[in-house]
1. At 0.36 nm per residue, and after removing the present C-alpha to C-alpha distance, how many nm does the segment from residue 328 to residue 5 gain when stretched out fully?
2. Taking the Cα centre of each part, how many Å lie between the stretch 45-79 and the stretch 285-299?
3. Per-residue ellipticity at 222 nm for the chain, helices alone: DSSP H runs ≥ 4 residues times -39500 (n - 2.57), over residue total, nearest 500 deg cm²/dmol?
4. Given points 7 Å out from each Cα along the Cα-Cβ axis, report the residue 140 to residue 83 separation in nanometres with one decimal.
5. Probe of 1.4 angstrom, ligands and nucleic acids ignored: what's the accessible area per residue over the stretch 132-243, in square angstrom?
6. May I ask you to compute the full-extension gain from residue 190 to residue 175, defined as 0.36 nm times their residue separation minus their alpha-carbon distance, rounded to one decimal in nm?
7. Residues with amide H under 5 Å of residue 29's amide H, sequence separation 5 or more or different chain, H placed in the peptide plane at 1.01 Å from N; which?
8. Assuming R0 = 56 Å, can you tell me the calculated FRET efficiency for the pair residue 19 and residue 240, based on Cβ-Cβ distance, to the nearest 0.05?
Amino acid sequence: MKTTTPQRRAWGLGLLTAVLGAGLLLVGASIGSTGFDSVLQAGTDPVAWQIVWDIRLPRTLGAWLAGALLGLAGAVAQGLFRNPLADPYLLGSASGASLGVALTLALFGFSPFATQWVARLGLTGGAFLGAVAGVLLTLLLARGVQHTLRLLLAGVIVGVVLGALKDLVTLAIPDVLQAMQGFMLGSTGFVGWTACMLMVVVLLVCVAVAWLLSPALDGLSLGEATATSLGLPLPQMRAVLILVLALATGTAVAQTGLIAFVGLAAPHLVRAVVKSTHGRLLVLSALMGATLLMAADILSRWLIAPQELPVGVFTAVLGGGYLLWLMHRRTAHGVGA
């Protein structure tokens with residue numbers, strides 16, 4: 001009986017997050033500046049149908065997909081670095097994406113000859129290329145993926161340096177800061193069906209690869225020496241997992257900007273309910289991250305409607321509050337023990 005309880009909990013949590021996601025998708029299609037009227041009139045009014053189909057649905061589904069990518073990336077990062085405080089932005093992807101957006105705006109966004117270049121590259125392309133460049137720079141500085149601690153320190157250094165370069169760009173061209181404010185605060189307002197299709201493909205690929213390599217994360221949880229003694233090719237498996245981490249994070253950041261704490265909190269919430277191997281943890285963390293970001297996006301659109309809060313700020317407040325509560329509870333239990 002005891003052996004089946006974790007599996008039942010895992011299936012139950014997966015079913016719960018899937019049902020919540022479906023329900024929130026319907027709610028998200030009903031929330032906007034025009035309220036529920038657009039949904040009620042979608043069958044007869046072409047404008048209302050366009051609002052629901054072309055704006056609300058892709059935005060809500062995009063929040064679900066971006067949250068799933070960040071939740072998956074967070075679980076991979078925490079397992080890879082054996083650190084429960086690791087998040088998807090640990091390898092410099094966030095700072096690289098910010099620098100990529102700033103450079104795109106500085107080079108093309110304010111020139112009268114930049115229209116074609118911006119259309120071809122776009123801010124999402126600049127953010128994705130910047131995120132990948134940040135991860136590659138981290139790997140170069142760490143001299144590969146063999147040493148986890150060196151990789152972690154290299155990520156911190158790259159994040160600081162690229163963040164400083166982004167600040168220099170915004171100081172040199174002040175208009176850049178105002179233009180990239182939405183990216184820095186996080187927003188799903190510009191997600192369309194094309195972005196959703198891209199995130200679907202990346203999510204399926206990343207989940208499949210991470211699932212296949214989950215034994216490496218299980219082995220690393222026992223220590224690198226134990227994992228090596230089990231015959232796991234750690235350098236190769238770690239390199240592929242870092243590629244999954246970079247691809248998932250870069251894709252999500254490129255479409256929605258910097259959204260904090262989703263990738264950090266999702267695996268924590270899953271582990272609080274289910275104790276399982278990394279195979280189930282990766283999938284459940286993706287579902288949990290998707291549900292969290294979709295719910296946060298709906299609340300950010302509803303609380304002060306017809307205006308809205310930046311979803312990245314909203315997730316930072318909620319995620320920070322949750323982690324503070326978690327630290328307080330563990331400290332209290334430690335004192336009590």
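1. Length gained, residue 328 through residue 5: 113.4 nm.
2. 9 Å
3. Values: 16 runs with 254 residues, N = 337.
Computed mean residue ellipticity for the chain: -25000 deg cm²/dmol.
4. Going from the residue 140 label point to the residue 83 one covers 2.2 nm.
5. On the way: 6100 Å² over 112 residues.
Heavy-atom accessible area per residue stands at 54 Å².
6. Numbers: separation 15, 0.36 × 15 = 5.40 nm, distance 2.02 nm.
That pair, residue 190 and residue 175, stretches by 3.4 nm at full extension.
7. none
8. On the way: r = 32 Å, r/R0 = 0.58.
The formula returns an efficiency of 0.95 here.
The values are calculated or read from the model by the stated rules, or taken from the named source; none is laboratory data. Worth saying up front: this structure is predicted, and the values here are computed from it rather than measured. Positions of Cβ are generated from backbone atoms using ideal geometry, with glycine treated the same way; all protein chains shown enter the neighbour counts. For accessibility, only protein heavy atoms count, side chains too; no ligands or nucleic acids. Shrake-Rupley method; radii C 1.70, N 1.55, O 1.52, S 1.80 Å.
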